[in-house]
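Presented below is the structure to which this report refers.
What follows is calculated from the coordinates using simple rules that are stated; it is not laboratory data. None of the values given here were measured: they were computed from a predicted structure. Positions of Cβ are backbone-derived with ideal geometry, glycine not excepted, and every protein chain shown enters the neighbour counts.
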Amino acid sequence: MKIIYFLLLVFFGANTILFAQYNLVPNPSFEDYNTCPSSISGFAYSSDLTVDLWYSGSGGSSDYFNACAGAGSWVGVPENLFATDQPAHTGDAYGGFWTDLYDDGSYDYREYVQVQLLEPLVAGECYYVEFWSAPATQSDFFGVSHATTDAIGAYLDADKIGSEGISGVLSETPQIDNNASGNYIDPPGEWTRICGFFEAEGGEEWICIGNFHEDDETDVVAYEGGSLDATPLVYLFVDDVLVTPADSLAAAFLNDTIVCAPLTLNALTCGDTYLWSTGETTPSIIVYETGDYWVQIESSCGTLSDTAEIIFVVDTVNTTNTDIHICFTELPYTIEAFGGYDIYNWNTGETTSEIEIDEAGTYYLSAYTECSHFIDSFVVDVTEPINIGLDLGPDTLICAATWSLTLTAPAGYDAYDWNTGETTNSIVVSTPGNYSVIVYTECEVFNDAITITTDPNFGATINLGEDLELCPPAGISNFILVATEDLPNYNWNTGETTQTITVNQAGNYTVTSTLPCSTISDDVLVTLCNEIYVPNAFTPNGDGINDLFEIIIVD
């Protein structure tokens, strides 16, 4: 469900217009004209020759009334062909059109007025639509009495609506439809509000107003003081057309107030249901005492809600004292006084309901209404920035088999949030890792982190074993030298970097491994055995040559 929050508590009579907010309708009150009307049928489909920017919605000839036409004319204000005394809702002009002729289906005729909006509507956005209508009481040339109806509505579309060749009922379904609501346009001489909310499909740029229902769907009744004939006529005036985004209504309705007597609070009359903070469920309530009052209105767009503060006073001097504690990050800060005063006079020299400050201090407001004088003081205390000295230290290498380390943040602040889940100002850790803390003070947030590492090979050694002797004559022509496994690196004096090497020459062989906490190494001496000469033949014949079999060892 959508929830749109804006002020719906308004302190106005039934005929108040809501033009304080942004209105997408140009010339909404029909005041601007290109030609002062001199006869009926002032609206045309293809041009705005008479009333500026407004057109008829079909081939039907809607009428334009303006006080500029003068007394006695058919199109004057407040007296004209259709009314003896119908003032404009605001200003000096309004439009008018037929919504039902004879109400028996014999003459399927309708008239409409339409205008292009200042900008297209946005898809998915909620809009509030409002216009005002009043019933005609006469039209001498028809000779039939007038009546009234609730069958009037507004249709919005991306394109210009209707066509010049159609004068019957438009087939469009109006988004704002007063038909069958029981909200009859009555009594004559006064204006009835028609309003509603709808969610735009996007691109709607024209609004057309009139009766979009056939005779058998149109409920016709006698207006106050009139009578209902068998074949009545229904002609309605229209004024003050409004189309505005629903969220723009907040500025239009904000009316905190100070009163000396009971006050009627009026919500918009186009909601589906109402619920006030008092428990009442009517569109308006009467309040008798100081308090905050709210209303929730269910509409086609969802829930609409807001509040208003009402103060009842007598003729006295009233004083208030407000303590405000803020953080330096909130400067500049806006002090908002009660919105219902008539006159504001701050000790800063400003005369608005709110002032902007950039430092601590005491600020005084002398305010007035017709009932009372108010002296309001605002004592503003500002918490300045601080340096808590948070430092967990540099990243640390632990060179020990077993260990623990205390990490400490400065004590005495609002909250601590370690990445371990602990919430104290200090923690004890005994495993390597990344540790961080967030320290919350009243106005600031500080953080620091530390990385603790250890040597996984702490205490490791390298042992290449005993010295070795090569002896190729004996079949020992090489050795595989093996260093301790799983060390992070190996550096042999031969230039090799593997855990094992194969040697086939005598010499001193050294291997080194550089660890985070130390450098370890070992060496082994490989020697060569003495050379042995074994003859492959001898001749023991007594001739003195090779007579003996001798093995010779050479040092």
Task: Low-density loop positions, chymotrypsin sites (Phe, Trp or Tyr not before Pro), the range 269-320 - DSSP coil, at most 12 other Cβ in 10 Å - done: 288
Open item on the list: When only alpha-carbon atoms are used, what values of Rg and Dmax, in angstrom, describe the range 19-245?
Closed with: 16.1, 48
Task: Alpha carbon Rg of the range 81-164, scaled by the compact-globule rule 2.2 N^0.38 Å - done: 1.34
Open item on the list: Quick check: the distance between the Cα centres of the range 72-107 and the range 291-325, to the nearest angstrom?
Closed with: 41 Å
Open item on the list: Explain nothing, just compute: Karplus ³J(HN,Hα) = 6.51 cos²θ - 1.76 cosθ + 1.60, θ = phi - 60°, for every residue of the range 182-197 in order, whole Hz, x for Gly and Pro.
Closed with: x, 8, 6, 6, 6, x, x, x, 10, 10, 10, 7, 10, 8, x, 10
TODO: Give me the Debye-computed log₁₀ of I(q)/I(0) at q = 0.18, 0.26 Å⁻¹ for the range 317-383, equal point scatterers on Cα only, no solvent, two decimals.
DONE: -0.62, -1.15
- [ ] Would you kindly give the portion of the calculated P(r) for the range 411-555 that falls above 28 Å, as a percent of all Cα pairs?
- [x] 58 percent
Task: For the range 347-423 versus the range 483-529, the gap between their alpha-carbon centres in whole angstrom - done: 61 Å
Open item on the list: Could you give me D for the range 346-407, from Stokes-Einstein at 20 °C and 1.002 mPa s, where the hydrodynamic radius is the Kirkwood radius over C-alpha pairs? Units µm² s⁻¹, please.
Closed with: 124 µm²/s
Task: Debye intensity ratio I(q)/I(0), log10, the chain, q values 0.06, 0.07, 0.09, 0.11 Å⁻¹ (C-alpha model) - done: -0.58, -0.66, -0.86, -1.06
Task: Rg/Rg_globular for the range 152-197, with Rg_globular taken as 2.2 N^0.38 Å and Rg from C-alpha atoms - done: 1.38
- [ ] Output the peptides 394-406, 185-197 sorted from most to least packed, where packing is the average of other Cβ atoms within 10 Å over each peptide's residues.
- [x] 185-197, 394-406
Task: Cβ-defined net charge surrounding residue 206, 10 Å radius [Lys, Arg +1; Asp, Glu -1] - done: -3
Open item on the list: Quick check on packing: order 76-82, 516-522 by the mean number of other C-beta atoms within 10 Å, highest mean leading.
Closed with: 76-82, 516-522
TODO: Find out how many positive minus negative residues lie around residue 467, taking Lys and Arg as positive, Asp and Glu as negative, among other residues whose Cβ is under 13 Å from that of residue 467.
DONE: -4
Task: Mean Cα-pair separation over length for the chain, i.e. relative contact order, pairs under 8 Å, 6 or more apart, % - done: 11 percent
Task: Rounded to 5, the percent of DSSP beta bridges in the range 396-454 classed as antiparallel - done: 85 percent
Task: For the range 188-264 and the range 427-455, distance of Cα centres in Å - done: 64 Å
Open item on the list: Over the Cα atoms, compute the radius of gyration (one decimal) and Dmax (the largest Cα-Cα distance, rounded to a whole number) for the range 175-301, in Å.
Closed with: 18.1, 53
TODO: Please report, in Å, the Rg and the Dmax of the range 396-454, where both are computed over Cα atoms only.
DONE: 12.4, 43
- [ ] Determine the dipole magnitude for the range 317-383: charges of +1 sit on the beta-carbon of Lys and Arg, -1 on that of Asp and Glu, nothing else is charged, the reference point is the Cα centre, and the result goes in debye to the nearest 20.
- [x] 180 debye
Task: Longest to shortest principal axis, alpha-carbon extents of the range 256-345, angstrom - done: 44, 39, 21
